[in-house]
Amino acid sequence: MTKSVDPLVSIVTPSYNQAHYLEQTIQSVLGQDYAPIEYFLMDGGSTDGSREIIERYADRLAGWVSEKDKGQGAAINKGLARARGEFVAWLNSDDFYLPGAVAEVVRIFRENPQVGLVFGDVLAVDEKGQRLNLLRYGDWGLEELMSFHIIGQPSVFMRRSVQEQAGLLDTSYHCLLDHHLWLRMAQLAEVRYIPKTLAAARYHASAKNIAQPVNFSREAYRIADWVATQPALADRLARDGKRIRAGLCSLSAFYLVEGGQPAAALRDYGRGFAAHPPTVLRAWRRVLLALLNLLGLGRLKSVYLSLRRRKINRG
């Protein structure tokens, strides 16, 4: 009897001046209890010692470059274009996989050949790797993605045949380029959630979701405009348009609060409530935070988060 061969998994890490975190990212890929993995490092010409870190692992990489590029999306696309694996993913240079993640994802893909994209839960950690929160998702598919349910990118793995059919990342997006790709793929194949924590996402001052929150809001509206142009989504948009609109407004408001624009956030929450009240009511804590920020009482958030972090770290 011929023994089945484990499928190749291709992983790409885009990197630029993240030497402080890069080695943990690399080790989390190379330390997986699964083979075969081909691993590509696409560095944008870092000047902080990242190249030296990459060179230490060069003999275990399928390929790497350290050269000027056009940003994160272009670096990921460069790696995906080289990928030969049946399944592919990218892992940013400040995030890391948890043990066993790749093996679990491959098992799900092999048992479910109709599935094009698999994702799991994500652990949120700070600069030192200390736990901040566990980001739990759910059995989300195309409808939820259209309603701007955001998946933690580090936990996402793709069937390469479906990703190639959907295309590479649209590099005109800088913040929600991943969500745009998930929407394109979800039109082609089933999306499957694994209720397990697969990866950790690091939250620090230079992370995009911290440094550029308002850009996330703008791109959410841009994606909504794109959705409206997709013939294959027209029926769903007509049926669930109010809920989709409320999800868009809630996501935009979330980032506007983070960007220090509580008045604009409350306007978006108001638009969302007018479209589909239950969607916005589920975000009542964020609505309250926006109101507190508008009243100059935003420091209460820092107190709350400090107390919550202590509780989490106590276990």
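Derivation of every value follows stated rules applied to the coordinates shown; laboratory data play no part. Bear in mind the structure is a predicted one, so any value in this text is a computation, not a measurement. Here the Cβ positions follow ideal geometry from the backbone for every residue, glycine too, while neighbour counts run over all protein chains shown.
Some observations on this one:
- Dividing the helix sum by the residues of the chain, where each DSSP H run of 4 or more adds -39500 (n - 2.57), gives a mean residue ellipticity at 222 nm of -14500 deg cm²/dmol.
- Between T171 and V214, full extension at 0.36 nm per residue minus the direct alpha carbon distance yields a gain of 13.7 nm.
- Here the Karplus curve 6.51 cos²θ - 1.76 cosθ + 1.60, taken at θ = phi - 60°, turns the phi angles of region 282-297 into couplings of 5, 9, 4, 5, 5, 4, 5, 4, 4, 5, 4, 4, 5, 8, x, 10 Hz, with x standing for Gly and Pro.
- In Hz, Karplus ³J(HN,Hα) per residue of region 19-32 (6.51, -1.76, 1.60; θ = phi - 60°; x = Gly, Pro): 4, 4, 10, 4, 5, 5, 4, 4, 5, 5, 7, 5, x, 5
- Residue-count net charge about D69 - beta-carbon cut-off 13 Å; Lys, Arg +1, Asp, Glu -1: +1
- Prolate/oblate/rounded label for region 152-252 (Cα gyration tensor, a/c 1.5): oblate
- Rounded to the nearest 20, the size of the Cβ-charge dipole of the chain about its Cα centre is 1240 debye, with Lys and Arg at +1 and Asp and Glu at -1.
- Segment H204-H149, extension gain: residue separation times 0.36 nm, minus the distance between their alpha carbons: 17.6 nm
- DSSP beta bridge pairing in region 9-209, given as percent antiparallel to the nearest 5: 30 percent
- Residues whose amide H falls under 5 Å from that of A283, counting only those 5 or more places apart or on a different chain, are absent, with hydrogens built in the peptide plane.
- Angle of helix 262-275 to the longest C-alpha principal axis of the chain, folded into 0 to 90 degrees and rounded to 10: 90°.
- Segment H20-W284, length gained on full extension (0.36 nm per residue, minus Cα span): 91.4 nm
- Per-residue Karplus couplings for region 156-170, computed as 6.51 cos²θ - 1.76 cosθ + 1.60 with θ equal to phi - 60°, are listed in order as 8, 10, 10, 6, 4, 4, 6, 4, 5, 5, 6, x, 7, 5, 7 Hz, Gly and Pro entered as x.
- Out of every Cα-Cα pair that region 1-141 contains, those further apart than 18 angstrom amount to 59 percent.
- Within-15-Å neighbourhood charge of R107 [Cβ basis; K, R +1; D, E -1]: -1
- C-alpha long axis of helix 101-111 to longest principal axis of the chain, angle in °: 90 degrees
- Label-point separation, S161 to T229 (7 Å along Cα→Cβ), nm: 3.0 nm
- Shape of region 65-195, Cα gyration tensor, a/c cut at 1.5: rounded
- Relative contact order computed over region 9-209 (Cα-Cα under 8 Å; 6+ residues apart), in percent: 25 percent
- Of the trypsin sites (Lys or Arg not before Pro) in region 22-85, those whose Cβ has at most 12 other Cβ within 10 Å and which sit in DSSP loop: K68, K70, R84
- Degrees separating the helix 72-82 axis from the principal Cα axis of the chain, which is the longest one: 30 degrees
- Loop-located trypsin sites (Lys or Arg not before Pro) in region 98-186 (DSSP state other than H, G, I, E, B) with a sparse environment of at most 12 neighbouring Cβ atoms within 10 Å: K128, R136.
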